[in-house]
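Let me begin by presenting the structure, written as structure tokens, before commenting on it.
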Amino acid sequence: MSFHDSVAIVTGGARGIGAATALKLARNGAKIAIFDMNNSMAAETVEKVRNLGSDGRFFSVDVTSREQVEEAVEKTMSEFGKIDILINNAGVLKDYLIDDMTEEAWDSVINVNLKGSFLCAQSAQKYMKKQQYGKIVMVSSLAATGTKGRVNYSSAKAGIQGMTKSLSIELGSFGINVNAVAPGFIDTEMSNVSKASAKNRGIKDFDAFKKSFINSNPIQRVGRPEDVANVISFLASSEADYVTGQVIYVSGSPVT
Ligand code: NAI
């Protein structure tokens, strides 16, 4: 799979699934623009991209800010000349059972995951339309199917699936494909956030919960960032030219 001469924006690319995706794309020739708020980790990922022989830039962006997103998309255009790929990966968790779910926890999770994906897609597709080519890959979650203590997050991730399908219909005739991955339990820093807030969603023993997840998973393990990056990379490539509006679960299990 070659991304030679391609330019990819990866939101939340400083670490975890986003960093694994940035490196996977860079390894296959893509130039990478990372949009993230974690400046030090983003700089490390850009360094790794450059060590792979590709070009990388970091833009300090809060994806909930239209101004910051638009400015960074414009800078990506002026630095690299085009935008072929947008990976809408930035996300956060703020887990609480419904009685304790504050408006702040609702708003911030909806804003980063859902509104952030909308703002980045809206801004990048303008340039993709002019090019008559683009690949947008959203990052949903297994949580879209319903999860205790995550009414904010599962609403955002289900919303991303709706956004994916609607945008695929709207943008298909411009040569733009829009698809999503929906990861299951992936070992990243976010899993540590999840562990720290497990009690907020009624999980007393997170390690026992993880063990029972693994035991009931057909592949018998949690996922790695690279498992997700591999599928994102396919959807971002021209090998997926006739695939659009799809959600691929990367969860080691069938989703019914
Ligand atoms: P992570 O917490 O390791 O990485 C998330 C990245 O997003 C970080 O670099 C963070 O700085 C960045 N970010 C957060 N808020 C931002 C904002 N407002 N603007 C710009 N960047 C921001 O998480 P992980 O696990 O790599 O998650 C990546 C995506 O995958 C997220 O959308 C997450 O919801 C999704 N996901 C993760 C799963 C998991 O088990 N780890 C499962 C299902 C989905």
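List of remarks:
- Computed in the context of the full set of protein chains, the accessible area of the chain at 1.4 Å probe radius has 51% of its extent on carbon or sulfur.
- C-alpha long axis of helix 225-236 to longest principal axis of the chain, angle in °: 40
- Note on the chain: GNM, Cα springs under 10 Å; of G81, G91, G18, the largest mean-square fluctuation is that of G81.
- Estimated inter-spin distance, R50 and N192, nm [label 7 Å along Cα→Cβ]: 2.6
- Cut-off 14 Å, label 7 Å out along Cα→Cβ of M1, residues of the range 134-176 by amide N: 135-138
- Of S40, S191, S117, the one that fluctuates the most in a GNM where the chain has Cα springs shorter than 10 Å: S40
- Given a 1.4 Å probe and the protein chains as shown, V193 ends up with an accessible area of around 60 Å².
- Between 0 and 90°, nearest 10: helix 16-27 axis offset from the chain longest Cα axis: 30
- Shape call, the range 27-84: gyration tensor on alpha carbons, a/c limit 1.5: oblate
- In summary, the lysines within cross-link reach of K165, defined as a Cα separation below 23 angstrom excluding same-chain residues under 8 places away, comprise K115, K126, K129, K130, K135, K157.
- GNM result for the chain, Cα springs below 10 Å: residue of D84, D207, D187 fluctuating most strongly: D207
- In the range 193-256, chymotrypsin sites (Phe, Trp or Tyr not before Pro) in a DSSP loop with at most 14 other beta-carbon atoms within 10 Å: Y242
- Rounded tilt (10° steps) of 151-171 against the dominant C-alpha axis of the chain: 30
- Within a straight-line Cα-Cα reach of under 24 Å, K211 can be paired with the following lysines, leaving aside sequence neighbours fewer than 8 residues apart in one chain: K94, K148, K195, K199.
- Area accessible to solvent at E170, 1.4 Å probe radius, in Å²: 120
- Accessible-area value, L52, 1.4 Å probe, nucleic acids and ligands omitted, Å²: 80
The values are calculated or read from the model by the stated rules, or taken from the named source; none is laboratory data. Not measured: the values here are computed from a predicted model. Positions of Cβ are backbone-derived with ideal geometry, glycine not excepted, and every protein chain shown enters the neighbour counts. Areas reflect the complete protein model, heavy atoms only, side chains present, ligands, DNA and RNA absent. Shrake-Rupley method; radii C 1.70, N 1.55, O 1.52, S 1.80 Å.
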